[in-house]
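Below: the structure, in structure tokens.
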Amino acid sequence: MKIQFLKPDLHQMDQVHADTMAIGLFEEDRPPRGLAGLADWRLCGRVSRLIASGNVTGRFREAVLFPGYARLPANRVCVLGLGRRAEFSAARAREASWVLAESLRKLRAASFIVSLPGSPMTQVPHRARMDLFLEELLRVFGPDEGTGGVEVFIVEPLEVHRELNEVVSVTYRKMRALWK
């Protein structure tokens, strides 16, 4: 499993290509924010129109899939509902991470662009969300031998990349120790 961090900038995201872009959406996010907002902008308001039509609500565990229309660095977009922002806790972040990882596994995504569940604004710290996300990602996709070279592009603000990279390093060291 290869993990790379990107800043939330369309120009930088255009430098990579992935199977799927997974965007999280809270029920009250109107207009969409973070990675969902960037995707909405690039898709000329497609996400906003899905919200306005009621096809996307942001309800927890909701999943809606649609094509990237060659306007995004991904072939398809998966919108995942995160529920109400006030109810988003560490336990909810773990469950959202599992739902996200399981959805991507079922889609057989060999590479994907994602932000941590709950980004950009939540009370659960980046480090904790990264730890939970990695744990669930490894639980669903398994260790390197079983992933077939899954590439993960995580879109988070540049100022937290170092901290998140430390979490990845520690997790990889733990994983190597367990598998040797």
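Let's see how each residue does on (1) among the small types (Gly, Ala, Ser); (2) in contact with a Gly (Cβ under 6 Å, 6 or more places away or on another chain); (3) farther than 16 Å from PHE153 by Cα:
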position: ASP19; (1), (2), (3): no, no, no
position: GLY34; (1), (2), (3): yes, no, no
position: CYS44; (1), (2), (3): no, no, yes
position: VAL56; (1), (2), (3): no, no, yes
position: PRO67; (1), (2), (3): no, no, yes
position: ARG76; (1), (2), (3): no, yes, no
position: ARG94; (1), (2), (3): no, no, yes
position: TRP98; (1), (2), (3): no, no, yes
Extreme residue, nearest to HIS17 (Cα to Cα), among residues of the stretch 65-81 that are surrounded by 18 or more Cβ atoms within 10 Å (Cβ to Cβ) and touching a Ser or Thr at 6+ places or on another chain (Cβ under 9 Å): ALA74
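Condition check ((1) over 17 Å from MET21 (Cβ atoms); (2) more than 14 Å from the chain's Cα centre (by Cα); (3) at pLDDT 85 or above) across all residues:
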{"residue": "PRO120", "(1), (2), (3)": "no, no, no"}
{"residue": "ARG129", "(1), (2), (3)": "yes, no, yes"}
{"residue": "GLU136", "(1), (2), (3)": "yes, no, yes"}
{"residue": "ARG139", "(1), (2), (3)": "yes, yes, yes"}
{"residue": "PRO143", "(1), (2), (3)": "yes, yes, no"}
{"residue": "GLY146", "(1), (2), (3)": "yes, yes, no"}
Hits in the stretch 109-137 (condition: touching a residue at least 24 places away in the same chain (Cβ under 8 Å) and part of a loop (DSSP other than H, G, I, E, B)): ALA109, ALA110, SER115, LEU116, PRO117, GLY118, SER119, PRO120, MET121, THR122, GLN123, VAL124
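Output the number of residues of the stretch 58-98 satisfying the condition of being more than 20 Å from ARG127 (Cβ to Cβ) and not β-branched (Val, Ile, Thr). Spell out how you get there, then give the answer.
Within the stretch 58-98, the subset more than 20 Å from ARG127 (Cβ to Cβ) is 58-81, 83-84, 86-87.
Now restrict to residues that are not β-branched (Val, Ile, Thr): 58-63, 65-76, 78, 80-81, 83-84, 86-87.
Number of matching residues: 25.
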Candidate set: the stretch 75-107, residues that are without any contact (Cβ under 8 Å) to a residue 60 or more places away in the chain and assigned to a loop (DSSP other than H, G, I, E, B); chosen: the one nearest to GLU62 (Cα to Cα): ARG84
Members of the stretch 41-71 found to be over 28 Å from MET1 (Cα atoms) and within 15 Å of the chain's Cα centre (by Cα), listed by number: GLY58
Residues satisfying the stated conditions in the stretch 1-57, i.e. assigned to a strand (DSSP E or B) and either of a type in the set (A, V, I, L, M, F, W, C) or surrounded by 16 or more Cβ atoms within 10 Å (Cβ to Cβ) (or both): ILE3, PHE5, LEU6, ALA18, ASP19, THR20, MET21, ALA22, ILE23, GLY24, LEU25, PHE26
Number of positions in the stretch 1-39 that are within 15 Å of the chain's Cα centre (by Cα) and within 19 Å of LEU82 (Cβ to Cβ): 16
Matching residues in the stretch 82-96 - criterion: being under 20 Å from LEU134 (Cα atoms) and loosely packed, with under 13 Cβ neighbours inside 10 Å: ALA91
Any chance GLY24 is out of contact with any Phe, Trp or Tyr (no Cβ under 6 Å at 6 or more places or on another chain) and in contact (Cβ under 8 Å) with a residue 24 or more places away in the chain: yes
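The values are calculated or read from the model by the stated rules, or taken from the named source; none is laboratory data. It should be emphasised that the depicted structure is a prediction, and the values quoted were computed from it without experimental measurement. Cβ sites come from the backbone with ideal geometry, for glycine too, and all protein chains shown count toward neighbours.
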